[in-house]
Amino acid sequence: MENRTDATEARLRELKACYQEAKKYSKVNEIEYFLLSREAAKVSIAVIGQSGSGVSTLVKALIGQKKQEAAVDDNDDKFYNPDPTSEAVRYPYRWSPNTVIWDHPGLKTAQQPEQYLSNIKDEYNIVLIAVPDHIDECLLKLITAVYYKGKTVYVIRTKADIDIHTAKRRQRSKFNWKKTLKTMRDQYTEILGKAKLNKVPVFLVSSFELQQFDFFWLQDCLQKDIMGHER
């Protein structure tokens with residue numbers, strides 16, 4: 001005859017197993033809702049900037065794409081080789097399946113910011129603006145216009161390695177890495193501050209030397225803002 005204590009313990013184990021099973025299935029709808037809501041709340045990132053500022057190179061660095069890899073066709077998700085100088089190209093952002101990143105043609109010298117922005121979709125959540133070695137009046141107008149559209153804006157100096165190389169040649173034995181980077185960053189933040197764009201972060205990166213400068217910090221900040229827009 002089975003001991004009452006043993007029977008009780010066996011029943012408790014049975015009830016616990018049933019409870020865990022019921023609990024598991026009760027989560028199915030929650031999980032399904034979560035996945036569907038993430039899919040519905042897709043995040044779009046635009047990368048824009050002046051021609052020659054390294055927009056396409058920055059995009060490829062962000063998505064971890066090699067030069068010969070193709071983009072995704074927005075119509076049927078087949079692969080093709082686009083001309084990034086003629087129209088915006090969509091890429092999947094592999095570190096966030098719910099996110100796409102758009103490589104936009106560069107702002108031409110004679111082109112006005114207003115005309116350029118007419119091709120930038122309002123539904124973009126985050127806009128990364130690649131800048132050359134300085135922020136001129138035209139580029140400042142572009143940054144200001146995007147910021148006041150309510151977008152999350154990053155200003156990115158994409159060729160910081162060139163600035164460092166130039167500084168080394170000029171300063172020679174007096175060259176100081178940290179001091180030079182601070183000077184570079186301060187130049188941008190001062191210009192943005194005068195335009196009342198203090199909240200716009202500045203990143204110094206090299207699309208070819210990802211381990212240098214602010215690239216991984218840029219990725220971390222981008223991931224946090226993506227998660228913020230998904231909520």
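Here, each number is a calculation from the coordinates, and none is a lab measurement. Here the structure is a predicted model, which is why all the values come from computation and not from measurement. Because the Cβ atoms are built from the backbone with ideal geometry, glycine has one as well, and the counts that use them run over all protein chains shown.
Would you mind working out the magnitude of the charge dipole of region 119-231 relative to its Cα centre, with +1 at each Lys and Arg C-beta and -1 at each Asp and Glu C-beta, to the nearest 20 Debye?
540 debye
Would you kindly compute the Cα radius of gyration of region 97-217 and its largest Cα-Cα separation (Dmax), both in Å?
My reading of the Cα-based Rg and Dmax gives 15.5, 49 Å.
Of the DSSP beta bridges with both residues in region 121-231, give the percent that are antiparallel, rounding to the nearest 5. Intermediate values should be presented prior to the final figure.
Numbers: 1 of 10 bridges.
Of those bridges, close to 10 percent are antiparallel.
Which three extents, in whole angstrom, do the alpha-carbon atoms of region 96-138 cover along their principal axes, largest first?
Rounded to whole Å, the extents work out to 36, 23, 14 Å.
Per the Debye formula with a single identical scatterer at each Cα and no solvent contribution, what log10 I(q)/I(0) holds for region 151-231 at q = 0.22 Å⁻¹?
Ignoring solvent entirely, the Cα scatterers give -1.08.
Tell me, in nm to one decimal, what length is gained between residue 196 and residue 134 on full extension, where the rule is 0.36 nm per residue of separation less the Cα-Cα distance?
Gain on extension, residue 196 to residue 134, equals 20.6 nm.
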